[in-house]
Structure formats: C-alpha cells, structure tokens
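One structure below.
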C-alpha cells in the first residue's frame, strides 16, 4: 500500500492505460457480440453450438492464449486486446441471447399486431426490453476483462499488470500489492457503475 501513496502518478498512468485496453476491447467485443446474439436468439439450433463454442474458448488458460497470439501478432497491446475480445464474447453473447429470449411474448405479439417489421420489433421492442440483462452481461465481461488485462504487463503492454509482474521479478511486494489493489478497485468501481446503470434501465422500463 505504501507504493500507492509514494507513486500515485505512476499508478494512475498505468490505471488509465489499463482502462484504455479494456474499453477498446469491450467496444469491439460488443460490436461483434450484439449481432451474433441477435442471430443466436432467433436460431434455436444454432445458439447451443455458438454458446458452447464460446464457453469452450473462455476455458482456455489466458496465458496460453496470449502466448499463441504473441507468436502471430508480436508483443505489445494488440495480442492483449484480441485476447480480451475473444474472452468477452461468451458473456456478452450469452447476455444478448438471454435478454432477447426473456422479452414478454405478449409485447412482441402486440407490436406485430401494430404492423411492426422484424427489424422494428428488434430495435424498438426486443432490445430495449432486453437492455437490463444485456447490461448484466456487459458488467460481468467488464470485471473479467479488467482482471485478464493485467496479463498485458507480461507481454510488454502498459497496464496495472506492469506493477504486478515487475513486483514479482524484482521481489518488490509493495509493487505487487499496489498493482493488485488498484486492479481490484478498478473492477469494483466498474461493477458498481454498471450495476447503477442496470438499475436505471430497469426503472425506465417500469
């Protein structure tokens, strides 16, 4: 904890780099997961295979996946972002599928009765109603990616993992603790913020 007090600028800089990695990865991951989830929600035969494949991908040890990606993409932030995108897919797609399938069928029927097209049904009814559940998936994915992003320090990218791996290498427990505590605080703050956003979205649907 002393390292946090004596090196606040360094910790803040690494925390911002950490958040940048997570934000970029989640933005790309969600852009991929949303259409995948929409397709899977309407395809009962396809969705178990997709969810199963993404679940299997999520079980791959992060260090092993990162080692493979480094061989293809080199050191730095790129393999980390790609790894985070891949790991986030399971939680994000699952959230989209669960949210859309949980929409009240009566609301879907009412919208069809009003002449809504399938696209209008999805955009104006299903997705707004599914938003709290989708945000739940985003929240879980965010906390997971914040944790996994510490591995960026292992492949030469700046993140709070830099403190952790430097602490392990130099036998500096204070650096290790500082990196771990800062990562945990980021995850807690992100979780709290997304929980509040989820409650707000639920309140707007009432």
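Derivation of every value follows stated rules applied to the coordinates shown; laboratory data play no part. For clarity, every value in this text was computed on a predicted model and none was experimentally measured. Cβ atoms come from the backbone with ideal geometry, glycine included; neighbour counts cover every protein chain shown.
Between residue 189 and residue 168, full extension at 0.36 nm per residue minus the direct alpha carbon distance yields a gain of 5.0 nm. Modelled label positions at residue 72 and residue 20, each set 7 Å beyond Cα in the direction of Cβ, lie 2.5 nm from each other.
The ellipsoid that matches the Cα gyration tensor of the stretch 2-205 has semi-axes, each √(5λ) in whole angstrom, of 38, 19, 11, with the longest given first. Between residue 104 and residue 203, residue separation times 0.36 nm minus the direct Cα-Cα distance comes to 34.0 nm.
For the stretch 4-48, backbone nitrogen atoms closer than 17 Å to the point 7 Å from residue 116 Cα along Cα-to-C-beta are found at 38-39, 41-42.
Helix content alone sets the calculated 222 nm mean residue ellipticity of the chain: runs of n ≥ 4 DSSP H residues at -39500 (n - 2.57) each, divided across all residues, give -27000 deg cm²/dmol. Taking 0.36 nm per residue of sequence separation and removing the Cα-Cα distance, the residue 55/residue 12 pair yields an extension gain of 12.1 nm.
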